[in-house]
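A short worksheet on the structure shown next.
Read the figures in this text as sums done on the coordinates, not as results from a lab. Note that the structure is a prediction, hence the values are computed from the model and not measured. Ideal geometry is used to build each Cβ from the backbone, glycine not excepted, and the neighbour counts take in all protein chains shown.
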């Protein structure tokens, strides 16, 4: 039998338990604050439909007689936000609901609630200040823009490592029975209790957690841009995706609508107006149709509603005016249940449907990602989807807290408490290939893993105090 000193000098091939445990420890240490944050904000966002219905209840139970024209409703909304232009008219959700009109003013967007009979403005709210919009930015960007998105993406990437390594550590090698494997042992002391709670909860939520983490990546600024770049290269043309990767991209799209409309206005071409910027001249409007038609520019809206409303598309249904003089109107279902989304192009004169694009006619990758996003948001299969996701977020909170408690109870005096590797590990070619492919698929993860390895090997091991605190002393003499 080999001695301890011999064992420490031997080389382990493949995956070494303590090395995996070490990576799990570091990944958890970094991820726990972010996992708690993402689980909390994600849980609130899961119930967006219920929360919005609650907040909108004063405008969903109106007494409505003879309805005013949609053109009158839009004029009232535009008057409520001076120097604004129409972005979209949202069909009332029920026969007793207020009409909701989205208007743009520069790069700001406002939602105006209008009484369908009297055209009275009931409420005006900045779209970016609505509760669920703020929660969405807290969840994906920490209210820090692209920098916050990068932090969240990095944390999500390491959370995948945390879960994968956790599954490896959970795998029953010498277990006797199912206690601590499929159910926790509750009467064997605090140490076993917290270990089992952590391990057993992990096995039940791991698949759902990885699914949530991976389906959230298309929204991230880094990974989403990475995906769009690859698609552009593969298709040889720019790709339009049915989701945004950042708040900055959404604001840029609003600015582009303004510039696009101004560029199509007679005598207002942008290339003839040096120094013109969209935000300064937003009062000119981003829909040339409005400028050309005057105060009754949106009279065709009633004709468009007569065509779109009977189709009973999934709410919310948005109808938008042309982006250029003589252009066509558009309508779309903007439901979170993305497989139900529909896009329509409507003839500006008759309202006839010129083109209909359903979800199933989109590129296969868009359908896969769109379905994943719908499930991520808890809207793919109704309340059951929300409950499954709620179970996952509660499980992630439980994993994070139980992991922290285990570390706190067992941490040695004066050191971090990371598992100390006992031997040099030689990774197989297959494992290296897997890590490289995984790193390419998730560049933030691959790059950060490489940085961590280099810093540990060439910096941290050279500093005696740091080497001791991190538990690197056993391998410092390699």
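Classification of the range 391-440 by its C-alpha gyration tensor yields an oblate form. The axis ratio a/c (a ≥ b ≥ c) is 1.5 or more, and b/c is at least a/b.
Between residue 50 and residue 361, the modelled labels are 3.6 nm apart [label points 7 Å from Cα along Cα→Cβ].
The relative contact order of the chain comes to 20 percent, based on Cα pairs under 8 Å that sit 6 or more residues apart.
Nearest 10 degrees is fine. How inclined is helix 221-235 to the longest principal axis of the chain, computing both from alpha carbons? It works out to around 70 degrees. Label the range 379-478 by shape, choosing from rounded, prolate and oblate, from the square roots a ≥ b ≥ c of the eigenvalues of the Cα gyration tensor; if a/c is under 1.5 it is rounded, and otherwise prolate applies when a/b is larger than b/c, oblate when it is not. Cα axes put the range 379-478 in the oblate bin. Calculated on the Cα set of the chain, radius of gyration then Dmax: 27.9, 92 Å.
Subtracting the Cα-Cα distance of residue 401 and residue 182 from 0.36 nm times their residue separation leaves 76.9 nm of extension gain.
A Förster distance of 41 Å, applied to the separation of the beta-carbon atoms of residue 79 and residue 211, puts the FRET efficiency at 0.30. Between the helical axis of 145-170 and the dominant principal axis of the chain, each derived from Cα atoms, what acute angle in degrees is found, rounded to the nearest 10? Once rounded, the angle reads 40 degrees.
Working from label points 7 Å from Cα in the Cα-to-Cβ sense, the residue 325 to residue 302 distance is 2.6 nm.
Length gained on full extension, residue 64 to residue 465: 136.9 nm, using 0.36 nm per residue less the C-alpha separation. Taking a virtual spin label 7 Å from the Cα of residue 371 along the C-beta vector, which residues in the range 202-239 bring their backbone nitrogen under 17 Å of it? Only 208, 211-212, 214-216, 218 pass the distance filter.
For the peptides 369-378, 239-248, 186-195, 81-90, the ranking by packing is 369-378, 81-90, 239-248, 186-195, with the highest mean count of neighbouring Cβ atoms within 10 Å listed first.
Can you give the FRET efficiency for residue 164 and residue 143, using 1/(1 + (r/R0)^6), R0 = 25 Å, r = Cβ-Cβ distance, to the nearest 0.05? The calculated FRET efficiency here is 0.25.
Placing pseudo-labels 7 Å out from each Cα toward the beta carbon at residue 411 and residue 18 gives an inter-label distance of 2.2 nm. Separation of the range 52-91 from the range 193-246 is 36 Å, based on Cα centroids. Using just its DSSP H runs of length 4 or more, each adding -39500 (n - 2.57), the chain gives a mean residue ellipticity at 222 nm of -17000 deg cm²/dmol after division by all residues. Relative to the longest principal axis of the Cα atoms of the chain, helix 443-458 runs at roughly 30 degrees.
Applying 0.36 nm per residue to the separation of residue 384 and residue 131 and subtracting their alpha-carbon distance, the gain on full extension is 88.7 nm.
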